[in-house]
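Q: Let me give you the structure first, and then I'll get to my questions.
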Amino acid sequence: MTHNIEAIFLDLGNTLRILVKDQAHMARARQRIVELVGTNEDPVTFVAKLEERYKVYRKWAFENLREAPESEMWTRWLAPDFPAEKIAPLGAELTYQYRQSMGRRVVVDGGREVVEELQRRGYALGIISNLIGTREIPEWLEAEDYGRYFKAVVLSSVFGRRKPDPSIYFEAAKRAGVDPSKCAYVGDNLKRDVTGTRAAGFGQIVIMISPEELAEAEITDENRPDVIIHQFRQLLDIFPGIPLSPNGEKGQG
Amino acid sequence: MLNKDIKAIFLDVGNTLRVVVPDKPFMEAAKRQLAELVGTQMSPDVFFELLEERYKVLRKRAKEELVEASEREMWTQWMLPDFPPEKIGPLSGKLTRLWRDSDGRRLPRPDVKDTVLELSRRGYLLGIIANTITETEIPDYLEEYGLTDYFKTVVLSSKVGIRKPNPEIYLEAARRIGVEPEKCVYVGDNPVRDVEGTRDAGYGMMILILEPETLKKEPPTGEAKPDHTIREIKDLLEIFPPR
């Protein structure tokens, strides 16, 4: 049993939330993007062009394990052909809409119940996520009342460094006030979520992927997580609660 | 086809020589032992839920591609890739047995031993062709019931890597027993796969044992027709006279 874990950090994309291809939602976001930028191009064509440019940005981000500030992402990578002084102030809104143009993000089945229960069991909870945009997550935490569950929310777009750079995990552990060895991480990416988390000294790594993905995955001694689960609610079985210390106090045992 | 021309009789095992009988305490014990052997942190129930999801993917591939993983491959690559292979590999035989036991106790049909002995006495060569994930369970079963010496050839998908109805597995069995396929017969319970595969391999005859559980899951399509149907193993004695 996992007796010494005191904090659990969740990934967002494909872990706590999944992307739903809501066509109307995506079309509205595309429309908003062309309006903001002030182009006459067809929204579909324009966003397709952004996607091509985004790939170049993403390559840079992956290679450098960095996340650029939103304004810079737009002026330097996504819309360099528009006046920087116009685009830069719109960076946050554009990034928000660009993310929406990929689809609507919804919490996984049973997500809230699991998070609530883990909190009830005494774990400090947090989020560590690679994503562009500074607005979306704080707004979502507020709007859907998820903020109260998470003691530490570390986003690459705000922190500047990306997973698997160990510094992002250290930062999260520090903010939660828990030693990394007593932290667990739950993510979905065998390529990126294991090595960095290990390097940061996290006590446990949980990967959530479908059995089909697992069958395709290549697992080596380097990227082998501690546990692989297929459904979010299975976290409840891995984290039974913080054991009582000898004096009967929960937590710092 | 004169039944006397048949020289070799191959039998299926699951639902033909043996049937699965649910036995709750036995199944629960197997689950618990398996979880303990692996040393999972999870409860046996949740752990099994994960394994079942992974097993489904493996089964799908096995059925689509007519291949069977070895026990070692099954556990290190498909079922427990999140555990070090050097730990899981050596346990894979044991794990497969416990995995099988977790869905029930396998018991021989009551008339198997007498029928096997009599067919052998009548001069037929006997063999086994079975799709199975374990490499040891069937040989152990034959040994336990004193049947080892009566089956000259035992071809298991887990050992040869291919599954019925791939004709190759029937051909391999015929080669091993040293009898031309047209003088071989196959006795199995699957009204589609066992009939078609046997036919494709050029076997002289196919006998279907009517097994209510199998027929419920996979009803006959009408296209594949066996040469005979039987209800009990001892009915084989009516079909195969002394040679």
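Throughout, read-outs are computed from the coordinates displayed, never taken from laboratory work. All figures in this text were calculated on a predicted structure; none of them were measured in a lab. Every residue, glycine as well, gets a Cβ built from its backbone with ideal geometry; the counts of neighbours run over all protein chains shown.
Q: With r as the distance between the Cβ atoms of B:Arg231 and B:Arg175 and R0 = 25 Å, compute the FRET efficiency 1/(1 + (r/R0)^6) and round to 0.05. Don't skip to the answer; put the middle values down first.
A: Numbers: r = 31 Å, r/R0 = 1.25.
Taking R0 as 25 Å, the efficiency between B:Arg175 and B:Arg231 is 0.20.
Q: Based on DSSP H runs of at least 4 residues, each adding -39500 (n - 2.57), what is the mean residue ellipticity at 222 nm of chain A after dividing by all its residues, to the nearest 500 deg cm²/dmol? Don't skip to the end; give the middle numbers.
A: Numbers: 11 runs with 99 residues, N = 253.
Mean residue ellipticity at 222 nm (helix-derived): -11000 deg cm²/dmol.
Q: Report the residue, chosen from B:Val195, B:Val185, B:Val57, that carries the largest GNM mean-square fluctuation when chain B is represented by alpha-carbon nodes joined by springs under 10 Å.
A: Highest fluctuation among the options: B:Val57.
Q: Same structure again: Using a ≥ b ≥ c from the Cα gyration tensor of region A:109-253 (square roots of the eigenvalues), is it rounded, prolate or oblate, where a/c under 1.5 gives rounded and otherwise the larger of a/b and b/c decides, a/b for prolate?
A: Working: a/c = 1.29, a/b = 1.10, b/c = 1.17.
Note, shape of region A:109-253 comes out rounded.
Q: Using 0.36 nm per residue, how much length does the chain from B:Arg243 to B:Asp103 gain when fully extended, once their Cα-Cα distance is taken away? List each step's numbers first, then the result.
A: Numbers: separation 140, 0.36 × 140 = 50.40 nm, distance 4.00 nm.
Full extension of this stretch gives 46.4 nm more.
Q: Before anything else, pin down the relative contact order of chain A: Cα pairs under 8 Å, at least 6 apart, normalised by residue count, whole percent. If you can, show how the numbers build up before the last one.
A: On the way: 430 pairs, mean separation 65.0, N = 253.
26 percent.
Q: Now for a separate question. Taking only C-alpha pairs under 8 Å that are 6+ residues apart, what is the relative contact order of region B:1-91 in percent? Don't jump to the answer; show the numbers that get you there.
A: On the way: 35 pairs, mean separation 15.9, N = 91.
The normalised contact order for region B:1-91 reaches 17 percent.
Q: Label region B:169-242 by shape, choosing from rounded, prolate and oblate, from the square roots a ≥ b ≥ c of the eigenvalues of the Cα gyration tensor; if a/c is under 1.5 it is rounded, and otherwise prolate applies when a/b is larger than b/c, oblate when it is not. Don't jump to the answer; show the numbers that get you there.
A: Details: a/c = 2.16, a/b = 1.32, b/c = 1.63.
Taking the square roots of the gyration eigenvalues as a ≥ b ≥ c, region B:169-242 is oblate.
Q: Quick check: pseudo-label points 7 Å beyond the Cα along Cα→Cβ at A:Val158 and B:Asp5, how many nm apart are they?
A: For A:Val158 paired with B:Asp5, the spin-label model returns 8.2 nm.
Q: Right, here's the next one. I'd like the FRET efficiency for A:Ala48 and B:Glu64, computed as 1/(1 + (r/R0)^6) with the beta carbon distance as r and R0 of 45 Å, rounded to 0.05.
A: On the way: r = 36 Å, r/R0 = 0.80.
Efficiency computed from Cβ-Cβ geometry: 0.80.
Q: Restricting everything to alpha-carbon atoms, can you work out Rg to Rh for region B:1-142 with a Kirkwood hydrodynamic radius? Display every interim value, and only then the final one.
A: Working: Rg = 18.0 Å, Rh = 17.0 Å.
With Rg and the Kirkwood Rh in hand, the quotient comes to 1.06.
Q: Here is a further query. Could you work out the Rg to Rh ratio of the protein assembly as shown, with Rh taken as the Kirkwood radius (inverse of the mean 1/r over all Cα pairs)?
A: Numbers: Rg = 30.1 Å, Rh = 26.8 Å.
Answer for the protein assembly as shown: 1.12.
Q: Distance in nm between label sites at A:Thr195 and B:Glu86, each 7 Å beyond Cα in the beta-carbon direction?
A: Inter-label distance under the simple model: 2.1 nm.
Q: How would A:Phe62, A:Phe150 line up from fewest to most surrounding beta-carbon atoms within 10 angstrom? The partial results should precede the final answer.
A: Working: A:Phe62 12, A:Phe150 20.
The order, fewest Cβ neighbours first, is A:Phe62, A:Phe150.
Q: Per residue, how much space in cubic angstrom lies within the convex hull of the C-alpha atoms of region B:48-91? Write out the running numbers ahead of the final one.
A: Numbers: hull volume 2.6 nm³, N = 44.
Each residue corresponds to 60 Å³ of Cα convex hull volume.
Q: Mind giving me the FRET efficiency for B:Lys216 and A:Asn14? R0 is 41 Å, r the Cβ-Cβ distance, nearest 0.05 is fine.
A: Values: r = 39 Å, r/R0 = 0.95.
It comes to 0.60.
Q: Please report the projected area of region B:12-92's Cα convex hull averaged over all directions, in nm². Show your work: numbers first, answer last.
A: On the way: hull surface 25.1 nm².
Answer in nm², one decimal: 6.3.
Q: To make sure I understand the rule: partners must be lysines, Cα under 22 Å from the Cα of A:Lys163, and not fewer than 8 residues away in the same chain. Which ones qualify?
A: A:Lys55, A:Lys59, A:Lys151, A:Lys174, A:Lys182, A:Lys191
Q: Can you tell me the alpha carbon radius of gyration of chain A divided by the globular rule-of-thumb value 2.2 N^0.38 Å? Write down the numbers at each step before the final one.
A: Values: Rg = 19.4 Å, N = 253, 2.2 N^0.38 = 18.0 Å.
Computed over Cα atoms of chain A, the ratio equals 1.08.
Q: Quick check: Cα centre of region A:28-106 to Cα centre of region A:131-176, how many Å?
A: 21 Å
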